[in-house]
């Protein structure tokens, strides 16, 4: 039973380029979450999605960041025109739907973005 | 003020000793509480959920004090493999998917 799969694990971009991070949830999980961890800081919530629907994007920066979880394929976190301050570890997590009684998120290994 | 605050440490603990540390949270609407463990540059992994009556999982004991808005983690008989950063995590009643993470408490177990 594969866990939450994220790729790429490491991504280097120059300022102004685009970064795309992908996340495949655990089998049977329908909800996906993206968190960002800056160096020496805690994880910060970005967005919560289910297939074809954004449930909560209150943690997303207003510009350059977008997320989707299409009917088919992985969830994608897209960062346009990256800046050095976007350098961070981006963790994806997944869970069954809350109404199932599930209470816990399972995290992927993360994607580390470095902006030169 | 951060919603979840932790002493960053490090707590240097001799192997076999006991270590305990707290986490405070500011939002009284907080509903669920967890301790996650994060090894260097890896993903957070659930250590244990924290229940109102307190709970134990092997060498780990978690306590919740709603009146004072803090949770604690105690590790008995520390092992070298317990060296990690322990993340205090809180979920509010009004936002199921949005976990609030503390910045973590670093524990270093020494031989």
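The values are calculated or read from the model by the stated rules, or taken from the named source; none is laboratory data. From a predicted model like this one, the values you see are computed outputs, not experimental measurements. Quick reminder, even Gly has a Cβ in these numbers, built from the backbone with ideal geometry, and neighbours come from all protein chains shown.
Here is how the numbers come out for the structure above:
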| item | result |
| --- | --- |
| Some residue of the range B:82-96 being in contact (Cβ under 8 Å) with a residue 40 or more places away in the chain, out of contact with any helix residue (DSSP H, G or I) (no Cβ under 8 Å at 6 or more places or on another chain) and part of a loop (DSSP other than H, G, I, E, B) | yes |
| Count - residues of the range B:10-48 that are buried (at least 16 other Cβ atoms within 10 Å of the Cβ) and either under 13 Å from the mean Cα position of the chain (by Cα) or assigned to a strand (DSSP E or B) (or both) | 20 |
| Within the range B:67-81, considering residues that are assigned to a strand (DSSP E or B) and over 10 Å from residue B:19 (Cβ atoms), the one nearest to the other protein chains (Cβ to nearest Cβ) | B:71 |
| In the range A:75-116, residue surrounded by the fewest Cβ atoms within 10 Å (Cβ to Cβ) [restricted to those that are away from chain B (no Cβ under 11 Å) and out of contact with any strand residue (DSSP E or B) (no Cβ under 9 Å at 6 or more places or on another chain)] | A:101 |
| For residue B:57: the one exception among (1) within 12 Å of residue B:23 (Cβ to Cβ); (2) in contact with a strand residue (DSSP E or B) (Cβ under 6 Å, 6 or more places away or on another chain); (3) loosely packed, with under 14 Cβ neighbours inside 10 Å | (1) |
| Verdict on residue B:97 being touching a strand residue (DSSP E or B) at 6+ places or on another chain (Cβ under 7 Å), within 11 Å of chain A (Cβ to nearest Cβ) and farther than 22 Å from residue A:32 by Cβ | no |
| The lone exception for residue B:40 - which of (1) away from chain A (no Cβ under 11 Å); (2) over 21 Å from residue A:38 (Cβ atoms) it fails | (2) |
| Any hit, the range A:31-51, residues being touching a residue at least 60 places away in the same chain (Cβ under 8 Å), within 12 Å of another protein chain (Cβ to nearest Cβ) and farther than 20 Å from residue A:80 by Cα | yes |
| Among the residues listed as A:105, A:113, the single one being on the phi < 0 side of the Ramachandran plot and modelled with pLDDT under 95 | A:105 |
